[in-house]
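Report on one structure; see the data block that follows.
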Amino acid sequence: MANRGNFSGRLGFIMAAAGSAVGLGNIWKFPYEAGQNGGAAFLLIYILLTFLLCYPIMLGEIAIGRKAASDAYGSYKQLGGKNWGYLGLYGILCGIMILSFYNVVAGWAFGYFLEISFGNLLDHPNYGTFFSEYVIDFWDNLIFSACFMAITAFIVLKGVQKGIEAASKIMMPALFSILILLIIYSLTLPNASAGISFYLLPDFSKINFQTVYSALGQAFFSLSLGMGALITYGSYVNKNQNILSSAATITVMDMSVAFLSGLLIFPLVFSQGQSPAEGPALVFVVLPGIFNSMGPIFGRVIGGGFFLLLCFAALTSTISLLEVPVAYFVDQKKWSRKSTTWLLAGIIFILGLPSMLSQGAVKMFSSLPFYQGRSALDFVSEVFSDISLPLGGCLMTIFIVRRWGTHNMSEELYQGNETYKNSLLEKYINFSIRYICPVILGIFSILIIIDKFYGVDKLMN
Ligand code: PFF
C-alpha cells in the first residue's frame, strides 16, 4: 500500500477531483443539452438532481474508495466480497468506453485550438460547414486525438502527486479566469438578453421525461459519478480529510463551470441569431463567430486561448478516466504503472476509432442499423454514459444499503468531520442513499434503456 500514492492534501484532492469533473461535459455537452432541452427548465432540474442524488452518491464513492484504499474493483471486493467486485469491473469498462469517445471530442478541441491560433478557421465563411468538414477529416482527427491520448498517458504514468495533482492545480484556475473574461465580453453583445432569458427564465411546459433524464445523465457524467472514478481518487485521500466539505466544493465548482458555460454560450447564440438546439456542434459552430468579431489578432489569441483551456479541462478528465483501469491493473494484477498506462492508452485509442469515423467519414459507423440509424459516437456515449452511469450509481447505493451498510459509510465520513455524527445532514444523506437514489435511479435507468432503444413515446402510444 505504501507506494500506491496519495494526494498531498485537501487542495490536491479537490483540484484533481474537480479536474476530473470539470471537462467537456461542462463546456461542450452541458450547453448543447440545455439548448436542446428547454434551457432554464433543464438547468433547474439539473441543479435539483445534483443536490438530491449526486452529492450523496459522490460521498458514497469517495467513502468506499478511502475505506478500502484500492481501485474500483478491489474496493468493492474488499468491502463486499468477490461478486460485488464485478460492479467495480463494470465501472472500469464504462471508464474505458467513455474515454474512447471522449478522446475523439478532445481531439476536435485540440484541432480547433491549432486552427484558430495558427490556421484560417476564423476567416471561413461558414463555421457550420467548417465543422462538418472538419470532423470527417481522417488524418487530422487521427493525429490530434492520438496526441491527446499520449499526453494523457504521459501525465498518468507520472503518478498521483507529480502528474495528476500538479496538472490540475495549474489548469483549473486558468480555466475559471478565461471563462469569466469571455462571459463579460459576451454579455455586451447585441441581443444577449434574449439568451439570458432563454437560459434563466424557466418555462415549465418544456419539462418532460426527456428533460429529466437528459439532466440526470448529464449530472452523472459531469460529476464523474457512477463508474468508480471517485472510488479510485478517494483511495488516494488521507484519513483526516473532511470528505463532506471536499465533495461539496467539487460539486459546486463543477456546477459553476457548467452554469458559466451556459452563461457564455446562450448570449452568443442569440446575438448571432442561431438556434440553441444545434446539438453537439454547438460550441464549435457558435464560438468562432464571437472570436472573429474581436478582430484578427485578438480573436486568434482569445479564441486559441479558449480552446486551449477546453483541452486542459478535457485533459484533467481524460487523466481520471485512464487512471480508473490503470489503478485496477496496477493494484490487482501488479503490472507496472508505466507499461499498463501505455498499453491501455493504445487499446482505448483503437476502441475510439469507430466513434472517430462516425461523423460521416465511414457510413457503417455513421448510421448504425441496430441503433435507429444513429452514429457510433452516439451509441457509445449513450450506452456507456447516459444509461450506464445512473445505473452504476443505483447499484452502488444498493451495495451500500444491502451489503456494506450506511452506518459504515457514516463511520468513514466521521473521520475528518466529527460534527457529521447525528447531524441533520447525516440523516438526509442516509435517507437519500437508502430510498431516493435507488428508487429514482432504478426507475430512470429502466426507462432510459427503453427510450434509447425503442423510444418511450412509442411505448406510450
Ligand atoms: N466529468 C467529465 C466531464 O464532465 O467532462 C467526464 C468524465 C470524467 C466522466 C471522468 C466520468 C469520469 F469518470
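Nothing in this text is a laboratory measurement; each read-out follows from the coordinates by a stated rule. This is a predicted model, so every value here is computed, not measured. Positions of Cβ are generated from backbone atoms using ideal geometry, with glycine treated the same way; all protein chains shown enter the neighbour counts.
As a rough footprinting exposure proxy, the listed residues 318, 406 were ranked by other beta carbons within 10 Å of their own, and the order from fewest upward is 406, 318. Mean separation of Cα pairs under 8 Å and 6 or more residues apart, divided by the residue count, gives the chain a relative contact order of 32 percent.
Taking a ≥ b ≥ c as the square roots of the eigenvalues of the Cα gyration tensor, the stretch 223-305 is prolate, since a/c reaches 1.5 or more and a/b is larger than b/c. From the largest down, the chain spans 60, 50, 44 angstrom on the principal axes of its Cα atoms. Return the whole-Å distance between the Cα centroid of the stretch 77-112 and the Cα centroid of the stretch 195-248. The stretch 77-112 and the stretch 195-248 have Cα centres separated by 17 Å. Cross-link check: pairs 158/333; 29/162; 29/206 evaluated at a Cα-Cα cut-off of 23 Å; pairs beyond the cut-off: 29/162. The alpha carbon gyration tensor of the stretch 99-188 gives principal lengths a ≥ b ≥ c with a/c of 1.5 or higher and a/b no greater than b/c, which makes the shape oblate.
For the pair the stretch 13-28 / the stretch 276-328, the C-alpha centres are spaced 13 Å from each other. For the stretch 186-273, the gyration tensor built on C-alpha atoms gives a prolate shape. Its axis ratio a/c (a ≥ b ≥ c) is at least 1.5, and a/b is the larger of a/b and b/c. Hydrophobic long helices, here whole DSSP H runs in the chain with Kyte-Doolittle means of at least -0.5 and Cα atoms spread over 27 Å or more along the helix axis, are found at 82-118, 138-157, 166-187, 243-271, 296-332.
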